[in-house]
Structures are given as C-alpha cells and as structure tokens.
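Report on the structure given below.
The values are calculated or read from the model by the stated rules, or taken from the named source; none is laboratory data. The model shown is predicted, which means the values in this text are computed figures rather than measured ones. Cβ sites come from the backbone with ideal geometry, for glycine too, and all protein chains shown count toward neighbours. Ligands, DNA and RNA are excluded from the accessible area calculation, which covers all protein heavy atoms including side chains. Shrake-Rupley method; radii C 1.70, N 1.55, O 1.52, S 1.80 Å.
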Amino acid sequence: MKALLMTSGLLGLTLLGNTALASPMETMTVIYRSPVDYALYQQKAEMLGYFQLELHEGIRLEAKTQLTQMATRFAQADNRLVRHSPQVNLPARVLSAPR
C-alpha cells in the first residue's frame, strides 16, 4: 500500500512537471490586406473554381460521348454479324436430370 502511494505520488509530480515544461501555445498571425488585394484574391479563387468545374464537366461529357460512340459501333458490328451469319438449324438438346 505504501509503495502504491509513493508510486502514484511520483507519477503525479512528474506529470505536473511535464506540463510546466510544455511548449508554448500556437500563435496565429493575421495579415490585413487592402480591399483591392482581397478583391483580386476573390476573383482568382472564383476563376479557378469555375475552371475546375468546366474541366470536370468536359471530362464527363467526353467520356459520355466516347461511350455512346463505342455502343453504336458495337451495335452496328453486332447487326452485321447477325445478318451475315449462316442460318444453321441445329436440333435443340434437351437436358434431363439423372435417373
């Protein structure tokens, strides 16, 4: 019991000592800009935002048109294969369960 009290007392003292030696709080620096600088910053941010939106929309539209073109080419090729394939009348196989 005595050893437990001494251990907890030492731990408490070391914890209190570490908080006193902790690094100082973070500081935040605020820079005040002129209204013209802020307006230029806002305009640049809006321009870049619109550019990103247009870029993503362009990529999406390009992918959609490519997929549509591939689908139409596939359908045309499939129709040609069906029209030019020989008609073979094979007897249908009937599968039954083993007896």
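Only one of 17, 58, 12 is at pLDDT 85 or above, of a type outside the set (S, T, N, Q) and out of contact with any Gly (no Cβ under 7 Å at 6 or more places or on another chain). Can you tell me which? Checking each option against the conditions leaves just 58.
Is at least one residue of segment 90-97 of a type in the set (S, T, N, Q), open to solvent by less than 100 Å² (accessible area, probe 1.4 Å) and modelled with pLDDT of 85 or more? No: segment 90-97 contains no residue that is of a type in the set (S, T, N, Q), open to solvent by less than 100 Å² (accessible area, probe 1.4 Å) and modelled with pLDDT of 85 or more. Checked against (1) open to solvent by less than 100 Å² (accessible area, probe 1.4 Å); (2) modelled with pLDDT of 75 or more, residue 25 meets all criteria but (1). Based on this model, can you work out whether residue 51 counts as surrounded by 10 or more Cβ atoms within 10 Å (Cβ to Cβ) and at pLDDT 95 or above? For residue 51, the condition - surrounded by 10 or more Cβ atoms within 10 Å (Cβ to Cβ) and at pLDDT 95 or above - is met.
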